[in-house]
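Enquirer: A single structure is presented below for examination.
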Amino acid sequence: MAGGWAEDGAVQKQIDDTVDDAIAQARSQLHHGESAEFCVECDEPIPLARRQALPGVIYCIHCQEARDKQQFAASGINRRGSKDSQLR
């Protein structure tokens, strides 16, 4: 039961919106199309097994790990307004 000005189900709606946003962001980062033979960052060859497993891959494993670490560090706080959503 919500109190004050919030409508019933407002917390669940906020949770659902946060999950939907995370899914949309993850899908937008998926690669599509043909994989590159060489990493666009360091120009090292991308192994055939990686290219077959991940269609559209453009980074070698080392460069992809570095990009993932950068994105995780820069992800910051969920600013939807919920105190609970900021407790990462």
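The values are calculated or read from the model by the stated rules, or taken from the named source; none is laboratory data. All values derive from a computational prediction rather than experimental measurement. Counting neighbours? That spans all protein chains shown, and the Cβs are built from the backbone with ideal geometry, glycine included.
Enquirer: Of all residues in the range 36-46 being of a type in the set (D, E, K, R) and surrounded by 13 or more Cβ atoms within 10 Å (Cβ to Cβ), which is farthest from residue 58 (Cα to Cα)?
Expert: If we filter the range 36-46 for residues that are of a type in the set (D, E, K, R), which is where we start, we get 37, 41, 43-44.
Now drop any that are not surrounded by 13 or more Cβ atoms within 10 Å (Cβ to Cβ), which leaves 41, 44.
Details: 41: 8, 44: 11 Å.
The residue in question is 44.
Enquirer: Tell me which residues, restricted to the range 1-53, are in contact (Cβ under 8 Å) with a residue 24 or more places away in the chain, β-branched (Val, Ile, Thr) and in a loop (DSSP other than H, G, I, E, B).
Expert: Within the range 1-53, none qualify.
Enquirer: Sort through 9, 33 and tell me the only one that's exposed (fewer than 10 other Cβ atoms within 10 Å of the Cβ) and modelled with pLDDT under 90.
Expert: Going through 9, 33 in turn, the sole match is 33.
Enquirer: Taking the range 47-84 as the search range and keeping residues that are exposed (fewer than 10 other Cβ atoms within 10 Å of the Cβ) and among the hydrophobic types (A, V, I, L, M, F, W, C), which one is modelled with the lowest pLDDT?
Expert: Step by step, filter the range 47-84, then rank; the result is 77.
Enquirer: Moving on to the next point. Which of the residues belonging to the range 36-73 are more than 21 Å from residue 22 (Cβ to Cβ) and among the basic types (Lys, Arg)?
Expert: Across the range 36-73, the qualifying residues are 50, 51.
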